[in-house]
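This report concerns only the one structure given below.
The values are calculated or read from the model by the stated rules, or taken from the named source; none is laboratory data. Bear in mind the structure is a predicted one, so any value in this text is a computation, not a measurement. All Cβ positions, glycine included, derive from the backbone under ideal geometry; neighbour counts span all protein chains shown. Only protein heavy atoms, including side chains, enter the accessible area calculation; ligands, DNA and RNA are left aside. Shrake-Rupley method; radii C 1.70, N 1.55, O 1.52, S 1.80 Å.
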Number of protein chains: 2
Amino acid sequence: MTYQPPVSQILLAMQSAGKFGAPHYADLSLDDAQAIISEAGRFAAERIAPLNQVGDRLPASINDGKVTTPPGWRVTYRDWCAAGWNGLAGPADHGGQGLPMLMAVGCTELWNSASMAFALCPLLTAGAIEAIAAHASQDLKDFYLPKLVSGEWTGTMNLTEPQAGSDLSDLRCRAERLGDGTYSITGSKIFITYGEHDCASNIVHLVLARLADAPAGTRGISLFLVPKFLPDGTHNDLRCHSLEHKLGIHGSPTCAMTYGDNGGAKGWLIGEENRGLNCMFTMMNNARLLVGVQGVALAERATQMSVAYARERRQGSVPDQRAGASAIIRHPDVKRMLLEMRAKTAAARLLCMATASSIDGSLRAKSADDRRLAHARASLLTPLAKAYSTEIAVEVTSSAIQIHGGMGYIEETGVAQLYRDARILPIYEGTNGIQAIDLVSRKLRLEDGETLLDTLKSSQQGLTIVAGEPLASRIVSEISELAKTLSKAPDSVQSLAAAMPLLRALAAVIAGGYLAESAALVQGGATESEARYFITVELPTAMAAAKSALSGAEILATYNLQ
Amino acid sequence: MTYQPPVSQILLAMQSAGKFGAPHYADLSLDDAQAIISEAGRFAAERIAPLNQVGDRLPASINDGKVTTPPGWRVTYRDWCAAGWNGLAGPADHGGQGLPMLMAVGCTELWNSASMAFALCPLLTAGAIEAIAAHASQDLKDFYLPKLVSGEWTGTMNLTEPQAGSDLSDLRCRAERLGDGTYSITGSKIFITYGEHDCASNIVHLVLARLADAPAGTRGISLFLVPKFLPDGTHNDLRCHSLEHKLGIHGSPTCAMTYGDNGGAKGWLIGEENRGLNCMFTMMNNARLLVGVQGVALAERATQMSVAYARERRQGSVPDQRAGASAIIRHPDVKRMLLEMRAKTAAARLLCMATASSIDGSLRAKSADDRRLAHARASLLTPLAKAYSTEIAVEVTSSAIQIHGGMGYIEETGVAQLYRDARILPIYEGTNGIQAIDLVSRKLRLEDGETLLDTLKSSQQGLTIVAGEPLASRIVSEISELAKTLSKAPDSVQSLAAAMPLLRALAAVIAGGYLAESAALVQGGATESEARYFITVELPTAMAAAKSALSGAEILATYNLQ
């Protein structure tokens, strides 16, 4: 079936959790926002969506170091860039449109619903733009940003090595000063998304490496810009030597890269020596949010396909029916799954929009205080948006297969691809376990815990609309207590073991508040049912898991895995 | 990594939930049982396990109607049959060893952990044996059973048609009386597992079809035995015209079959005309249990791989560690996932063993009363064993990918295959939604509700060991109340919508009791931790979901899906 861009749901999320009415969005009218989202939706549905199954069946391939993207990829990417979509949120002084993160998130959902494997390429470029804009020298900015913003060139992130995945302290890629201000880079990287491909005339690799005299551990890592083609047009000393054979996102080439086979790849420092991780984190934070958005995107697409199938497919009969088989959408168990899928997808979208809005506030709000508070809120929400949205993406795409029954297990139907594609989301850009540790060990205590308190105060107001004051207040005080217990000893086995269930419950409480607010905004209908279902079913289940997790952690302490 | 047959866990499950000490198992000593499970484990690990990835990468293929199984499949199947494994639970008067279902379940886990795609073939044959043994004429039994029991021939189940999946009332495959007691079968069937292959010299299809003068709906369906090769050696008028391209179990050919292209395939009636569904249900009930066992098998294999990987892989450091990276098994979030995987796998295994034991009781117990009660208990437990075990198989294989991180997303690692293979389990042999409807609309009220009451009484005794009397009694009274509410109006939207969460909670309560009992049997250790974790974390979470599901169902009633 064709993808239907959920324009009104995205706008609703922007207006409610996204606080589109805030003063710092005054430069963008609702009409403009709507026009942009609609237009992006049209491109996504008409041009990108048809590529998705093609990319799955005819994966990116490598031959003699050259990577060929699936049929249709190149021309679509070219047209997409020509229409200006790559520069949407790019810096205005380098050719971008400088639109807020809120708009970027709305559009990112659309591209990824249409084809996540396709949309990964610009997602990585956006990260590179961000890191370069924030930390690189003016010369590097002037030379690289315009072409990255236009999409003529694309960007990558080179972190992972075989022995260094989540833990970068053991990073072994080496950098040597060449004396002229440039560096020579040598080493191997794996899992490099779009590390090599045929859609752009140059690829700008951001590579983490270690200088010989650097301190051990993560404080001795520097970030380098290492282009595929040097400014003089010669090919840099780097190559892709193989592609991974993955469970999903087949259209997206996942490259094993080698730097310096012939003496060393030429690189330029970004930021200061040994401060590479800080620069990387700049781009990683936003990338984490955008991975959350990919989760929303796959959940949305899977839900759409499931609703359409459940309307068509007739099996069995429901009690209130006269004769003949009913469309399975009328079967209560199927309808329950669809309502749950809708509610979770909406919840995740709202969490992502709230995070985007806080990022915008941290950059655009008038007062420094407001910017600081917004930044803290973005920091708190980012691990929630990433982990929650990607967890539900796996669940919702799984339910989509279930609703399709035997047909869902057949690859031609298309939902199985969504299920396979989604499974990377809880892993990359920091596993969800790492998001939970980040939440418990750092984010809960931001601004002396005020950021969490403020956020939960808003959630309580929202929840009150649907659940009433006493229940809303009980929910919020329960989650606050749990958060307090965990953040008291964030490095204890108990807190670390309960971190993930806490994250999920906290995300449910906050998203539940947003859902209630957005239902109030549209005055009922399906949105209200989804909010009520989420608060009535999802939220207490997540709370029960979080509450029991602390006792579970005690068992863990003495568990001797045989 | 190599598969380690969990011999002691299987024996423990047989002895606790499986009630191996019951009088009707007196013909089998524990030593014999142990020898059989160990020997089966050896064959599974040494001969079948190496085929699993081969079958995934080189799927069964079709050429001119002929299906070729993956390399190694044929010879392994031949040797497996020669070793007598196919006849393990087959009827003794037709060459089988007549061992109880308890042993069949133990061995079925081993074959499916080694390779589910491979093990599916004999699983279908076992179902055919059962239906023929229970309902076919003596002539058919004498001719077909010996070769099906030896494995020289294999069997299939032909239910599904494009328009008739879960709902068989719309079945269109036709049967005509030929006047000589045989029938002519015409029509198409889809999703026929091992409908055509090269491992056996004949394939015995059991086909549901409709006589021209049959009543409409499910009361007009008859069951026919339609062999690929007729007794005189000629090829019957049937063929496989294509194989499905599936998410998983690539080694297992899923066939679209055509009967009667040239006038009609010759078939023999099994049981009475228009009573085919009854015959089919005989084999379906045991097949449902065995699908649950497939869930246990994949969960066990995924957990083994995850523990091994988590011991090897070093990332980050844990608080109580001196220096250097820790094996990730020491990270609390990873250890929590492993404990959860172990606990869920053990719980599912115990549920399946208890079901098998009840089936054995229904056939082997001395008094007719005991046989009746055991039959009722088997009927109650079957949907729980099927749905619960297959749900957790999807969850546990997903956690296995998560523990493997980026490596888990690479196909070569092997866990992704388990994740893909597992996803069919909640769908085939009656979707889990259908199991839940079966539970709520029929099984809760068996023997005037006494079957449920008795089962829960045992659960309470078990739970008391770990949770103490007051908590155990509260848990059991809560689930009883829920079950009562739902079974009062089993066809209401509310009950049907809450059926699945109720099934999951009821399965958790019953499995929790078994876990506690088996921990008591081995006096503590890892088994006790797993039981405590399950009862402390999994059970209350499932209960919370079930309790909120009733309120959720009210929202559903007015939900207008847009």
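What residue of chain B sits with its beta carbon nearest the rotation axis taking B to A, and at what distance in whole Å?
Nearest Cβ to that rotation axis, in whole Å: B:544, 2.
Stokes-Einstein at 37 °C, 0.692 mPa s, Kirkwood radius from Cα pairs: D for the range B:443-562 in µm² s⁻¹?
On the way: Rh = 14.9 Å.
My calculation gives 220 µm²/s for D.
Give the value in nm², to one decimal: projected area of the alpha carbon convex hull of chain A, averaged over all directions.
One quarter of the hull surface, i.e. the mean projection, equals 27.3 nm².
Between residue B:370 and residue B:92, what FRET efficiency follows from the Cβ-Cβ distance if R0 is 22 Å, with the result rounded to 0.05? It would help to have the intermediate numbers written out before the result.
On the way: r = 22 Å, r/R0 = 0.99.
Computed FRET efficiency for residue B:370 and residue B:92 comes out at 0.50.
Would you mind listing the distances between the residue A:272 label point and the same position in each other copy? Use 7 Å along Cα-to-C-beta, nm, one decimal, shortest first.
Nearest first, the other copies' label points are 9.0 nm away.
Would you kindly state how much longer the chain becomes between residue A:177 and residue A:363 on full extension, computed as 0.36 nm times their sequence separation minus their alpha carbon distance, in nm to one decimal?
63.5 nm
Suppose every K and R has +1 on its Cβ and every D and E has -1 on its Cβ; what is the size of the dipole of the range A:90-158 about the Cα centre, in Debye to the nearest 20?
100
In debye, nearest 20, what is the charge dipole magnitude of chain B about its Cα centre with +1 on Lys and Arg Cβ and -1 on Asp and Glu Cβ, if you could check?
About 900 debye.
Provide a list, ordered by number, of residues in the range A:240-272 showing at least 40 Å² less accessible area with every protein chain present than when their chain is taken on its own, using a 1.4 Å probe.
A:245, A:247
So for the protein assembly as shown, Kirkwood radius off the Cα pairs, Stokes-Einstein at 20 °C and 1.002 mPa s: how many µm² s⁻¹?
This corresponds to a translational diffusion coefficient of 70 µm²/s.
Give the interface area between chains B and A as buried accessible surface, both sides summed, probe 1.4 Å, in Å² to the nearest 100.
It comes to approximately 6900 Å² buried between B and A.
Going by Cα centres, the range A:177-191 and the range A:400-472 are how many Å apart?
38
When each copy gets a label point 7 Å from Cα toward the beta-carbon at residue A:26, what are the spacings between them in nm, shortest first?
For residue A:26, the other copies' label points sit at 9.2 nm, shortest first.
I'd like the distance separating the alpha-carbon centroids of the range A:228-288 and the range A:485-503, in whole Å.
A separation of 35 Å, based on Cα centres.
Suppose R0 equals 45 Å; then what is the FRET efficiency for residue A:35 and residue B:35 from their Cβ-Cβ distance, rounded to the nearest 0.05?
0.05
About the Cα centre of the range B:7-152, how large is the charge dipole given +1 on each Lys and Arg Cβ and -1 on each Asp and Glu Cβ? Please answer in debye to the nearest 20. Working shown, then result.
On the way: 9 positive and 14 negative charges, 77 e Å.
Value, rounded to 20: 360 debye.
Would you mind listing the distances between the residue B:368 label point and the same position in each other copy? Use 7 Å along Cα-to-C-beta, nm, one decimal, shortest first.
9.2
Taking 8 Å as the Cα distance limit and 6 or more residues as the minimum spacing, I'd like the relative contact order of the range B:443-562 as a percentage.
30
In degrees, nearest 10, range 0 to 90: what is the angle between the Cα axis of helix B:30-43 and the longest Cα principal axis of chain B?
It works out to around 70 degrees.
Averaged per residue, what accessible area in Å² does the protein assembly as shown show with a 1.4 Å probe, protein chains only?
Heavy-atom accessible area per residue stands at 35 Å².
Using protein chains only (no ligands, no nucleic acids) and a 1.4 Å probe, work out which residues of the range A:335-356 have their accessible area cut by at least 20 Å² relative to the chain alone.
Residues shielded by partner chains are A:335, A:336, A:339, A:342.
Looking at chain A, identify the longest residue range that excludes and avoids all trypsin sites (Lys or Arg not before Pro) in DSSP loops having at most 13 other Cβ atoms within 10 Å.
Of all site-free stretches, the longest is A:367-562.
On a 26 Å Cα-Cα criterion, which of the cross-link pairs B:19/B:366; A:66/A:189; A:147/A:386; B:443/B:547 come out too long?
Pairs exceeding 26 Å: A:147/A:386.
Of the heavy-atom accessible surface of the range B:154-276 (probe 1.4 angstrom), what whole percent is carbon and sulfur?
48
For the protein assembly as shown, with the dipole built from +1 on Lys and Arg beta-carbon atoms and -1 on Asp and Glu ones, taken about the Cα centre, which of B:351, A:426, A:10 lies farthest toward the positive end?
B:351
Starting from the eigenvalues of the Cα gyration tensor, five times each then square-rooted, give me the equivalent ellipsoid semi-axes of the range A:154-278, largest first, whole Å. Display every interim value, and only then the final one.
Details: eigenvalues 100, 67, 26 Å².
Working from the Cα gyration tensor, I get semi-axes of 22, 18, 11 Å.
Apply the Karplus curve 6.51 cos²θ - 1.76 cosθ + 1.60, θ = phi - 60°, to the phi angles in the range B:176-190 and return the couplings in whole Hz, x for Gly and Pro.
Going residue by residue, I get 10, 6, 9, x, 9, x, 9, 10, 10, 10, 9, x, 10, 10, 10 Hz, with x marking Gly and Pro.
What GluC sites (Glu not before Pro) does the range A:200-306 have in DSSP loop regions with at most 12 other beta carbons within 10 Å?
The qualifying sites are A:272.
Work from the charge dipole of the range A:442-562 (Cβ charges, +1 for Lys and Arg, -1 for Asp and Glu, about the Cα centre) and give the residue of A:505, A:534, A:471 farthest towards its positive end.
Towards the positive end, the residue furthest out is A:505.
In the protein assembly as shown, if the dipole is taken from +1 on Lys/Arg beta carbons and -1 on Asp/Glu beta carbons about the Cα centre, which of B:164, B:515, A:291 is farthest to the positive end?
Toward the positive end, the furthest listed residue is B:515.
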